[in-house]
Amino acid sequence: MNEVDSLHRHTRKRLIVLSLVTALFLDLIPFPQPLDGWLPACTAMMTLYWSMHRPKYIGIGMAFILGLIMDVGLGTPFGQHALGIMAAVYLVEQNRHQILGYSYGLQALTIFGCLMLMTLILVIVHFFSTHQFTGWNLFVSPFISALLWPLLSKFMLYLAYSRRL
């Protein structure tokens, strides 16, 4: 067990719930269509973070529930975000111990792959439901999210450490 695991072992459920609710609110803020694709996937990133560090509390079931909340809040086809976030969480859960041993740069690269898979699922489901391609701007979000991954990790570690003192 490394130092990060020992810090998150004592993380309260309140912090997990508060961070997920905050991420949901950030994702549900309406933005104009061209700008929408440039925003990071906050809910997916936070779900991946907690499924990596606290898999006992956040897993595929919680990813499904959060995805359904996203679908209802955004008015997208029901199950679209649920399927995408579940696929990303599944990949993280299967490789969790390896990912935790990576540096922040390799973790960001792994998260980029997971979020790109999620985006690809969203684009495919949207295409089959509307018969229209959503555009290439949605594929920018995984890049932005991966660039923000080290900051998110450090910030969550800071919160966990400050709560412990």
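In region 99-113, the qualifying residues are those that are surrounded by 12 or more Cβ atoms within 10 Å (Cβ to Cβ) and polar (S, T, N, Q), and the one that is nearest to residue 84 (Cα to Cα) is 110.
Just one of (1) of a type outside the set (Lys, Arg); (2) free of Cβ contacts under 8 Å to residues at least 40 places away in the same chain; (3) surrounded by 12 or more Cβ atoms within 10 Å (Cβ to Cβ) fails for residue 157. It is (2). Is it the case that region 79-91 has a residue that's surrounded by fewer than 16 Cβ atoms within 10 Å (Cβ to Cβ) and hydrophobic (A, V, I, L, M, F, W, C)? Looking for residues that are surrounded by fewer than 16 Cβ atoms within 10 Å (Cβ to Cβ) and hydrophobic (A, V, I, L, M, F, W, C), one finds none in region 79-91, hence no. Just one residue in the set 110, 130, 119 is hydroxyl-bearing (Ser, Thr, Tyr), at pLDDT 90 or above and more than 17 Å from residue 35 (Cα to Cα); that residue is 110.
Here residue 49 fits the description: over 26 Å from residue 127 (Cα atoms), hydroxyl-bearing (Ser, Thr, Tyr) and within 14 Å of the chain's Cα centre (by Cα). For the condition over 10 Å from the mean Cα position of the chain (by Cα) and either part of a loop (DSSP other than H, G, I, E, B) or in contact (Cβ under 8 Å) with a residue 12 or more places away in the chain (or both), residue 20 does not qualify.
Note on region 123-165: residues that are assigned to a helix (DSSP H, G or I), more than 16 Å from the chain's Cα centre (by Cα) and of a type outside the set (Phe, Trp, Tyr) total 13.
With a requirement of 2 or more residues that are free of Cβ contacts under 8 Å to residues at least 24 places away in the same chain, the helices (runs of 4 or more DSSP H) lying completely within region 40-122 that satisfy it span 60-74, 80-94, 96-101. Residue 6 meets the conditions (1) at pLDDT below 90; (2) in a loop (DSSP other than H, G, I, E, B) in every case but one. The failed one is (2).
The values are calculated or read from the model by the stated rules, or taken from the named source; none is laboratory data. Computed from a prediction, not measured in an experiment: that's the story for all the values here. Quick reminder, even Gly has a Cβ in these numbers, built from the backbone with ideal geometry, and neighbours come from all protein chains shown.
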